[in-house]
Amino acid sequence: LVLDEAHATLVYGEGGGGVAEQAGVADRVDVSVGTLSKAFGAHGGFVACSSPLHQLLLSRGRAGIYSTALPLPAVAAADAALALATPQRRAQLWARVCAFEAAIGSAPRQACGWRSPIVPIEVGSEAAALEAAARLQRSGFLVPAIRPPTVPEGTSRLRVVVTAGHEEEEVAELARALSESGVLRLRDAHARGEGEY
């Protein structure tokens, strides 16, 4: 079993081991792959596997054979992230996610029974998403518009990423900006099938 833990490493599980750790099935995963560019805030990626598979990848994996090593600052940053990724920090993250969901009047999203610090706010058209992102940026918030071909036509959205580093006041300010800019009305109208706001 190969599991991509790119969005889950350092976020889920008591030790930050990802979805497999949180679900109690890490011992059933043969290969875990992930990135150092998301929760780690660094550069690069990893493959966690058995020693025999590791040796096979080293000897036969052309991408690994013909690539250069990670820059030392990226390795140091990933190492520092491991030290900072404590259970208390993860609890702070989930508290911020819950506060944000409550502040925007969103029922807790639990795709497959799991929450995520990535909170999509579907607004409909590409133009609506781009305009909403621009309004939020003018208010000091970087909330990118996700649009086709990344998502189906008519389901463009804003991609809010809540982190443990956000202060409670910042989460509340973003919720206010979303409300004042009309994004939440747009989201609600789109959800009711009422077209563009």
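The values are calculated or read from the model by the stated rules, or taken from the named source; none is laboratory data. For clarity, every value in this text was computed on a predicted model and none was experimentally measured. Neighbour counts are summed over all protein chains in view; Cβ atoms, including those assigned to glycine, are modelled from backbone coordinates with ideal geometry. Just so you know, the surface numbers come from the protein's heavy atoms only, side chains and all, with ligands and any DNA or RNA stripped out. Shrake-Rupley method; radii C 1.70, N 1.55, O 1.52, S 1.80 Å.
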Where does the stretch 51-139 land on Rg(C-alpha)/(2.2 N^0.38 Å)? 1.69
Per-peptide average of other Cβ atoms within 10 Å, ordering 40-52, 13-25 highest first: 13-25, 40-52
So what's the gap between the Cα centers of the stretch 135-182 and the stretch 1-73, to the nearest angstrom? 29 Å
Solvent-accessible area, 1.4 Å probe, carbon plus sulfur percent, for the stretch 49-106: 65 percent
How far apart, in nm, are two points set 7 Å out from the Cα along the Cα-to-Cβ line at residue 80 and at residue 173? 2.3 nm
Per residue Cα convex hull volume for the chain, in cubic angstrom? 154 Å³
Calculate, for residue 51 and residue 116, the FRET efficiency according to 1/(1 + (r/R0)^6) with r their C-beta to C-beta distance and R0 30 Å; round to the nearest 0.05. 0.35
Contour excess over end-to-end distance, with Cα ends at residue 28 and residue 89 and 0.36 nm allotted per residue: 19.3 nm
Please give the calculated 222 nm ellipticity per residue for the chain, where each DSSP H segment of at least 4 residues contributes -39500 (n - 2.57) and the sum is spread over every residue; nearest 500 deg cm²/dmol? -12500 deg cm²/dmol
Given the options 99, 193, 45, identify the residue whose Cα lies farthest towards the positive end of the charge dipole of the chain (+1 on Cβ of Lys, Arg; -1 on Cβ of Asp, Glu). 45
With +1 on each Lys and Arg Cβ and -1 on each Asp and Glu Cβ, and nothing else charged, work out how big the dipole of the stretch 1-157 is about its Cα centre, in Debye to the nearest 20. 260 debye
Using +1 at the Cβ of each Lys and Arg and -1 at the Cβ of each Asp and Glu in the stretch 69-197, identify which of 86, 128, 174 lies farthest towards the dipole's positive end. 86
Potential extension, residue 66-residue 137 segment - 0.36 nm per residue separation minus Cα distance: 21.5 nm
Give the relative contact order (percent, whole number) for the chain; include only Cα pairs under 8 Å separated by 6+ residues. 16 percent
Expressed as a rounded percentage, what relative contact order does the stretch 83-197 have, with Cα pairs under 8 Å and six or more residues apart? 31 percent
Can you tell me the Rg and the Dmax, both Å, for the Cα atoms in the stretch 88-197? 13.5, 42
Under the Karplus relation 6.51 cos²θ - 1.76 cosθ + 1.60, θ = phi - 60°, what is the ordered set of whole-Hz ³J(HN,Hα) values for the stretch 161-166, x standing for Gly and Pro? 10, 8, 10, 5, x, 6
